[in-house]
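Only one structure is covered here, and it is reproduced in the block below.
The values are calculated or read from the model by the stated rules, or taken from the named source; none is laboratory data. This one's a predicted model, so the numbers in the text were calculated from it and none came from an experiment. For neighbour counting, all protein chains shown are included, and Cβ atoms are generated from backbone atoms with ideal geometry for every residue, glycine included.
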Amino acid sequence: MELSLAKIKKIGKIMNEEIIGRADEKKKLAKVMNSKDAEFLAVYGRRRVGKTFLVRHFFKGKGVYFELAGEKDSAYKVQLINFYRSVQETFKPDLPIKIPATWKEAFSILTVFIEAQPENKKVIIFLDELPWMASRRSGLIQALDYEWNRKWSNISNLIVVVCGSAASWVLEKLIHAKGGLHNRITDTIHLKPFSLGEADLYLKSRGINLKPMQVLELYMVMGGIPHYLRQVEKGKSSTQIINSLCFRRDGFLFSEFSRLYKSLFDQSEVHNRITRQIVKKRNGISRDELLRATGFSSGGTFQKRLLELEESGFIDVYVPFGKRKKDLFIKVVDEYTLFFLHWIDPLVKKSSVGYNPNYWLNLSKNPKYLSWAGYAFEAICMKHADRVIKSLGIANLAGEIGSWRFIPAKKSKERGAQIDLLIDRTDNSINLCEIKFSDNKFSIDKSYAKNLINKIEVFEEKTKTKKQVFLTMITTMGVKKNFWSEDLVDSEVILKDIF
């Protein structure tokens, strides 16, 4: 793709800023930085989403910067040795200090160095992967709460940032804590993966200029996870990149799945089991169905596992349009999880995997590929519903967003129907969005036109809506103009609009 001089300058500017996208997050960090009071910020999000990078690159060089990273599965005494080393590296004390025996002692030592700094100079304390430091008997949370109340909350030039990949832990122990650090957090950032457009910008900032369809294919495999996108090699096609990363035993994404879950969840085998059952149902599974499929009992423990998966970005728990709150459905929405379980997992179970440079190229010609790509593209469009709405010019009209389906009872003569994406509007109208992945312009033939008409009729009949229904086609390459498209399609959104 040939870039204009303006685009090259823009990308150069992005590279200088280092942090790609993250506009809302940077505004929040700037607000914290400019505050005249002590700030206690909690940053959470799934592993490899770029939390450490964001905090480190925003704050470093803007004051006295102290960083301590938790070490997974290490005893608290080891964590305290790491604390001691970080203090030595950051503050370079004139007199030797001893290794603290407790976190209470550690934070008391830190207070001495914080108070020694000029009042006009910001002091940033970054505790990264806090859940790994705060083991059950470590006393870290209690010590942190004590020091914040005793000293830190009154130090106007202090910014404390705590971070964790175990999103549910951060929510439970910090943000929504009933005791200890309850109401101590002054602000939060839930860092999510890059959008499709941000992923494209990130690749361009690394000198990788791919066409939208190739970026889309990479996104369908790895989502907007910066660390995964970092593995993309310049000068290779999406097919070559996927083949190399996913279908060789030394490929980064070949064995990432087990590492990912184990790093996030203490009971990762339970989360793994739940995820594998959900992914079997392409259009989502009800909570009751999931309980029956997994054999778990309904209760707080099962609900906690779901919450942990949801907060970590692996699943989405939603209520379909027109349903009651108790009619919850669950879908896997993490792109890498979907791809791994669909394509890589069957190979992992084999005793040997020989490298075939054409493996993914051959698979992409299989009808199974189109089925998966259709589902993956649909999930991406759902995540980018705000871009769809903006493209349609209804940003000030859009209300509820969701999906809808009607499954007739067995042996019933009623017709079923499913709506991929539905946008309920405040102007007495509804957009029913049909999402289609295709390498070329999508063509609506007589048979497919009949299917579209059926969807609209069943939706209107079962929902008893009086609203005006508009049919919107969301496709990769656009809809081919013919008699059926002219008659049925009211509006279109294409891939570049989602970017």
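To keep it simple, each residue is scored yes or no on (1) in a strand (DSSP E or B); (2) modelled with pLDDT under 95.
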{"residue": "Arg387", "(1), (2)": "no, no"}
{"residue": "Ser403", "(1), (2)": "yes, yes"}
{"residue": "Lys413", "(1), (2)": "no, yes"}
{"residue": "Ile435", "(1), (2)": "yes, no"}
{"residue": "Asn440", "(1), (2)": "no, yes"}
{"residue": "Ile456", "(1), (2)": "no, no"}
{"residue": "Glu460", "(1), (2)": "no, no"}
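Residues in region 152-197 that are among the small types (Gly, Ala, Ser) and without any contact (Cβ under 8 Å) to a residue 40 or more places away in the chain were compared, and the one that is surrounded by the most Cβ atoms within 10 Å (Cβ to Cβ) is Ala177. Say whether the condition of being surrounded by 15 or more Cβ atoms within 10 Å (Cβ to Cβ) and without any contact (Cβ under 8 Å) to a residue 12 or more places away in the chain is met by at least one residue in region 451-460. Yes. Tallying residues that are without any contact (Cβ under 8 Å) to a residue 24 or more places away in the chain and touching a helix residue (DSSP H, G or I) at 6+ places or on another chain (Cβ under 6 Å) within region 374-427 yields 2.
Of all residues in region 252-290, exactly one satisfies the criterion of being under 15 Å from Ile225 (Cβ atoms) and of a type in the set (Gly, Ala, Ser), namely Ser263. Checked across region 183-199, the condition of being assigned to a helix (DSSP H, G or I), in contact with a helix residue (DSSP H, G or I) (Cβ under 7 Å, 6 or more places away or on another chain), at pLDDT 95 or above and within 20 Å of Arg387 (Cα to Cα) holds for at least one residue. Can you confirm whether Ala376 is at pLDDT 90 or above, within 22 Å of Lys192 (Cβ to Cβ), outside the structural domain of Arg276 (by TED's automatic domain parsing) and part of a helix (DSSP H, G or I)? So Ala376 passes the test. Reported count of residues in region 112-146, each being modelled with pLDDT of 90 or more and farther than 22 Å from Tyr44 by Cα, is 12. Scanning region 312-368 for residues that are without any contact (Cβ under 8 Å) to a residue 40 or more places away in the chain, small (Gly, Ala, Ser) and either under 30 Å from Asp439 (Cβ atoms) or crowded, with 19+ Cβ neighbours inside 10 Å (or both) turns up just one, Gly354. On inspection, Ile474 fails the criterion of being in a loop (DSSP other than H, G, I, E, B) and either within 29 Å of the chain's Cα centre (by Cα) or crowded, with 18+ Cβ neighbours inside 10 Å (or both). For region 218-260, the set of residues classified as within 20 Å of Asp439 (Cα to Cα) and assigned to a loop (DSSP other than H, G, I, E, B) consists of Gly223, Lys236, Ser237, listed by residue number.
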